[in-house]
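See structure below.
Nothing in this text is a laboratory measurement; each read-out follows from the coordinates by a stated rule. Just so it is clear, the structure is predicted and the values come from calculations on it, not from any experiment. Neighbour counts are summed over all protein chains in view; Cβ atoms, including those assigned to glycine, are modelled from backbone coordinates with ideal geometry.
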Amino acid sequence: MRAKHSASCRATGRGRTGLRDYLFALVGLVLAPALLLGAATTRELASTYRLSEEAGLASTAEALATAIDREMEIALTALSTLAASPSLAAGNISDAYLQAQAVGRAFGGWVAMLEEDSTQVFNTRLPLGAPLPRGAGDPFVGRAISTGQPFVSDLFLGATAAKPVISTFQPLPPGTAGASAGKRRVLLLAFTPDRLTTLLERQHFEDRGGFAVLTDGNSRVVARSSEQARFLNQPSPEWFVRATMGLDEGLIRGEESLAGHLGLLAFQRLERAPSWVVAVVTPFEPFQGRWRGPALRYMAGSALLAGVAALLALLLARRILRPLRTLAQDADRLSQGGVPTSSSPERIAEIETLRQALWRLVSALRAQGAAEGRAAAAEESAAELGEAARRRDLLVAELNHRVKNMLATVQSLTSQTLRGSGDDPERFVSDLTGRLRTLAQAHDLLIKVDWEGADVDAVVAAALAPWQGDSRLSISGPRGVHLDSNQAQALVLALHELSTNAVKYGALSVESGLVEIRWQLRDVSPGDKPWLELRWRERGGPEVRPPTRSGFGSRLLEQGLPRQLKGEAVLSHLPEGVEYRLSAPVRRERGVGR
C-alpha cells in the first residue's frame, strides 16, 4: 500500500512545471523590464545626441554665413561710399583713382572702373594711365548696367590679376565719372578668395576631421577651410546642387564630398549673395559611431547579462533541487516506516526546516507556529521594501525632472548669450558667467525652501544682493506674495538683467541715480488668482536712448519672463530712465494684502 502511494506521488509529479523552469521564468520577468527600459533610454539618448550634434552643425553654418555676409556688406558699403565721392561726380579721374587705391588697399583688394563694354578706365593694381586689358566680367557689367543695383559676382578669372577673383559691382549714374551723356560706368572692388578662405580656416574644422566650403551661384568652390588650392573653382557634386536648390538652409546626411568622404553636411544660403551657399561637413562614420556605439554596447551587455543570469539560474536550481530530492526520498522512507538517510544539516534554511520537521513529528505544532511567524515577518519586510522602492522611484523621477529643467535653462542661456555677444568671446564669457551666477543664486534660494518656490521679497533680495544697503535702491512691496520655483528663477534672471544694465548704462552708473522697485497685489475678480504688479523705475541716470537692436536681455524681459509667469510686461526706454512693468497671476498667501 505504501509502495503504491509513493509511486503515485512520483507519477503525479510528472508533466508538471519544475522549479528550474520557474527560476528561469523569474529571471526573465526580472530582467525583461529593466532591459526594455534601458533599451528605450539608450535609444532616446542616442536620438537626443544625434539631434543635438545636427543642431550644432546647423548653427555653425549659420554663423559662418553671417560672418561671410558681413565681409560682403563691408565691400558693398566701401564701394557705395566711393561711388558717391565728389571727385567721381565731377569727373576728376585722378583724385578718384587715389581714393579707389585707398579703398582697395583697406579691403585687401583693388578697384577698377569700366565702361559699358568692359573697357577698363583705371585699375588700382597698375599705375593710372598704364595700358589695361579689357575687363573679364562682361556678364556682371551688363547686369550692373541693366539693374542699376550693386551686387556680388560669382568667381571668375580676372583679366588684370590673371587668377580667380570675386568682385562687388556698383553702377554709377549716367553721365558721371567722365562717362558720355546717357552712358554709365561701373566700379568694381575685386579681391581673391584667400580673404574668405582665411575666415573659414580660423574655425579649425580639420582638427575634428571635417571642413567648411563656400560655393558661388555657379556651384563652384570659392573657398575651403582646407586644401583650398586643390578644390578652388571645382564644380560641386550634383547631389549637393540638387539638395540645396531652392532652399535657404538644411541638412544632408551620408553623401560623398569632392574629397571622396561620406559626411553629415549643414548648409546656409547667404543674404548678400543669395546664390552662394556655405556648408559645414563632419565625417559621417564618427558621427554615427558616437550615437550608435552606446546602443551597440548596450545590446552586447544585455545579451551577456541575460546569459550570465540564465547560467546563475541553472546553478541555483541544481543547488536547490539536490536537497529537495533527498528530502523527498526521506519522506518516502518515513512513510514506509524507515529512517531518513540524511543526517547532516542542509545549507538552505527552509529545506533544513522541512527535514527536521519530518524527523520530529512531535514538534509539528511548534514548527507550524514558527513558520507562520516567519511568514508574517517576510510579509512585513516585503511591504517595507516595496515602500522603499516607491520612494526611490519618486526621488529619481523628481531628480530627472529637475536636471532636465536645469539643462534646458542653461542651454537657452548659452544660445541666447552667444547670439547677443557677436564675435566677442570675452563678452560672451562675461555675460554667460553673470547669468549662470544669477541662476545659481536662484537655486540657492529655492534649495533653502525645498524647491517649494519663494516669495517675491526674497527673490528681489537674492537678485539684488550685490547692491544691498545701497542708498540708490528703493524697494517696497507686501510680503508673502508666493512664486513657484520656475517663476522665481525667471524673475531672478530678469532682475539681474535690469540691474546689470543699470550699473553699466543706467541709474546705478552714477552717484545721483535712483532705482525704485515696487510691487503690489491687484484683485481681478472673486474666486480668481490676484495679479502681481511689479515696476522697475530708474531716474537720475544718463539720458536713455532706445536700443537699435533687441538683445538677450530685452527678449528675456519682454517675452521670456511674461511667458514664464503667464502674464504681461512692458519695457520702456524713456529719456529720463528705463521703466519695466510686469503683471502676472500669483498665489495669495495667508495674511497678504490684509
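Okay, here's what the table says:
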| read-out | value |
| --- | --- |
| Net charge, residue 221 excluded, C-beta distance under 13 Å - Lys, Arg +1, Asp, Glu -1 | 0 |
| For the range 77-156, alpha-carbon Rg over 2.2 N^0.38 Å | 1.06 |
| Proximal aspartates and glutamates relative to residue 504, as straight alpha-carbon distance under 19 Å, when same-chain residues fewer than 8 apart are discounted | 424, 426, 431, 470, 516, 538, 543, 576, 579 |
| Net charge contributed by nearby residues that have their C-beta within less than 14 Å of residue 78 (K/R +1, D/E -1) | +2 |
| Cα convex hull of the range 36-113, projected area averaged across orientations, nm² | 6.6 |
| Proximal charge balance of residue 472 [Cβ under 12 Å; K/R count +1, D/E count -1] | -3 |
| Ratio of Rg to Rh over the range 120-206 (Cα coordinates, Kirkwood Rh, two decimals) | 1.05 |
